[in-house]
Amino acid sequence: MTNPSLLILPGDGIGPEVMAQVTRIIDWFGAKRGLKFDVTEDLVGGAAYDVHGVPLSDATMAKAQEVDAVLLGAVGGPKYDSLDFSVKPERGLLRLRKEMDLYANLRPAQCFDALADFSSLKRDVVAGLDIMIVRELTSGIYFGEPRGIFEEGNERVGINTQRYTESEIERVARSAFELARRRGNKVCSMEKANVMESGILWREVVQKVHDEEYADVELTHMYADAGGMQLCRWPKQFDVIVTDNLFGDLLSDVAAMLTGSLGMLPSASLGAPMANGRPKALYEPVHGSAPDIAGQGKANPIACILSFAMALRYSFDQGDEATRLEKAVEQVLADGVRTADLMQAEGDTPASTAEMGDAILAALDASL
Ligand code: NAD
């Protein structure tokens, strides 16, 4: 039997630093759990632009289509800010998402007990929090036409278009309902049906998918701005939140702050099943390339490590091993190991990126 295949794209800034820790963990699963992967590594973002003049080469794109899962670090950085829009590092990521047709972006926001006091919200508001934001990822305002900056009279106008078809809403709604059935059985759909036609259609279609296929799941609707407030007021009222590309981008960053640090948040982007039954899949931390701390060994690798845990669960049917890895992370945090982004008291010495990797590997060893 051939090993499952994994394409690793470390990218820019802290991407390669956090991915180095994930690579150690992948090696650990191969050596200690007999879980071997065929791993290939390639370039994306600014790193790809430097070599190929584009943020994702056609050859890398073809590899991404062939493998069982892609694991990405982060892209972007000030060095590339003045590049033409068409070759900006982020375009590499958008191309991957679009061509792999990864329409459902899963962003869990889970509050580890050891970090509950670290959140900007009160402990009882966040302790034990476990919610999943499902963001539509391949359509909406980031892709809609017309778009551009045009001359209009004697000034310029910037245009982006929010556009959703019924089938695009249906398939992401199904992803959310399926997930809810394996969790708390509740979905809250968020849009702006009060002011946007695309929001009216979104609400109608989610309700129809619910009534026809998932009547056993509890469904509520909320305006996305109110949803932002509710996420800060009492986030535990939610189980699965399903929303569009733009609102999902914003709301998942709000959710990030509930759990304490952007450095803790993993994500999965899933598409339609491939011939082998596995969904097309890209796993990546929610955070960016953090140029302010890049190259200093300060980055928290946990978001990227937990993204690999999601890959174990959703692409490789290794739920127990995913739980083993998540529990190792939980243990390390309970033991007080902290990277700089998780420090509360001045004067404490933070763990470096590699030291956090060391601690998680030691906790994995202890789990055997
Ligand atoms: P960012 O997520 O890179 O950083 C925001 C803040 O969080 C920074 O202070 C950073 O130091 C901190 N941070 C982020 N990840 C961390 C980690 N793992 N450990 C410790 N601290 C962490 O967002 P930004 O500063 O708005 O963007 C920087 C660059 O990243 C830009 O070029 C942006 O376009 C790009 N970006 C890429 C992605 C992606 O690759 N998916 C996502 C967001 C931003």
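The values are calculated or read from the model by the stated rules, or taken from the named source; none is laboratory data. What you see is a predicted model, and the numbers here were worked out from it, not measured in a lab. All Cβ positions, even for glycine, are placed from backbone atoms using ideal geometry, and neighbour counts span all protein chains on display. Quick note on the areas: whole protein, heavy atoms, side chains included, nothing else; ligands and nucleic acids left out. Shrake-Rupley method; radii C 1.70, N 1.55, O 1.52, S 1.80 Å.
Some points to look at:
- Restricted to the range 180-254, the set of strands (runs of 3 or more DSSP E) holding at least 1 residues that are open to solvent by 70 Å² or more (accessible area, probe 1.4 Å) comprises 218-223.
- Residue count for the range 33-51 under the criterion of being touching a strand residue (DSSP E or B) at 6+ places or on another chain (Cβ under 8 Å), charged (D, E, K, R) and surrounded by fewer than 17 Cβ atoms within 10 Å (Cβ to Cβ): the result is 2.
- Ser175 being touching a residue at least 60 places away in the same chain (Cβ under 8 Å), within 21 Å of Val217 (Cβ to Cβ), among the polar types (S, T, N, Q) and open to solvent by less than 60 Å² (accessible area, probe 1.4 Å): yes
Matching residues to (1) open to solvent by 60 Å² or more (accessible area, probe 1.4 Å); (2) over 23 Å from Arg147 (Cβ atoms); (3) without any contact (Cβ under 8 Å) to a residue 60 or more places away in the chain:
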site: Ile8; (1), (2), (3): no, yes, no
site: Ile25; (1), (2), (3): no, yes, no
site: Ala31; (1), (2), (3): yes, yes, yes
site: Gly53; (1), (2), (3): no, yes, yes
site: Glu90; (1), (2), (3): yes, no, yes
site: Arg97; (1), (2), (3): no, no, no
site: Ser119; (1), (2), (3): no, yes, no
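- Restricting Arg324, Arg313 to those that are more than 14 Å from the ligand (Cβ to nearest atom), in a helix (DSSP H, G or I), assigned by TED's automatic domain parsing to the domain that holds Leu364 and in contact (Cβ under 8 Å) with a residue 12 or more places away in the chain reduces the list to Arg324.
- Meets criteria (under 20 Å from Asp253 (Cα atoms) and either more than 14 Å from the ligand (Cβ to nearest atom) or among the acidic types (Asp, Glu) (or both)) for Ser119: yes
- Looking across the range 139-158, the residues that are over 26 Å from Met257 (Cβ atoms) and surrounded by 13 or more Cβ atoms within 10 Å (Cβ to Cβ) come down to Ser139, Phe143, Gly144, Arg147.
- Of all residues in the range 37-83, exactly one satisfies the criterion of being basic (Lys, Arg) and within 12 Å of the ligand (Cβ to nearest atom), namely Lys79.
- Residues in the range 64-84 that are under 19 Å from Thr138 (Cβ atoms) and either open to solvent by 70 Å² or more (accessible area, probe 1.4 Å) or out of contact with any Leu (no Cβ under 8 Å at 6 or more places or on another chain) (or both): Gln65 alone.
- Pairs are defined by a Cβ separation below 8 Å, a sequence spacing of at least 6 or placement on different chains, a first member in the range 149-169 that is without any contact (Cβ under 8 Å) to a residue 60 or more places away in the chain, and a second member that is among the small types (Gly, Ala, Ser) and outside any helix (DSSP H, G or I); the pairs so defined are Ile149/Gly158; Gly158/Gly148; Ile159/Gly148; Asn160/Gly144; Thr161/Gly144; Arg163/Ser139; Arg163/Gly144; Thr165/Ser139.
- Options Thr339, Thr353: the member that is within 16 Å of the ligand (Cβ to nearest atom), closer than 16 Å to Thr259 by Cα and of a type in the set (Ser, Thr, Tyr): Thr339
- Applying a threshold of 8 Å to beta carbon distances and a minimum spacing of six or more residues, or different chains, the list of pairs starting in the range 67-84 at a residue that is more than 19 Å from Arg97 (Cβ to Cβ) and ending at one that is more than 7 Å from the ligand (Cβ to nearest atom) and not aliphatic (A, V, I, L, M) reads Gly77/Asp12; Gly77/Gly46; Lys79/Gly46; Leu83/Tyr49.
- Verdict on Lys280 being over 26 Å from Val134 (Cα atoms), crowded, with 19+ Cβ neighbours inside 10 Å, out of contact with any Cys (no Cβ under 6 Å at 6 or more places or on another chain) and assigned by TED's automatic domain parsing to the domain that holds Leu35: no
- Which numbered condition Gln296 misses (of (1) out of contact with any helix residue (DSSP H, G or I) (no Cβ under 7 Å at 6 or more places or on another chain); (2) within 11 Å of the ligand (Cβ to nearest atom); (3) touching a residue at least 60 places away in the same chain (Cβ under 8 Å)): (3)
- Residue within the range 309-331 that is of a type outside the set (A, V, I, L, M, F, W, C), buried (at least 23 other Cβ atoms within 10 Å of the Cβ) and at pLDDT 95 or above present: no
- The combined condition, being at pLDDT 90 or above, surrounded by fewer than 21 Cβ atoms within 10 Å (Cβ to Cβ) and β-branched (Val, Ile, Thr), is not fulfilled by Ile133.
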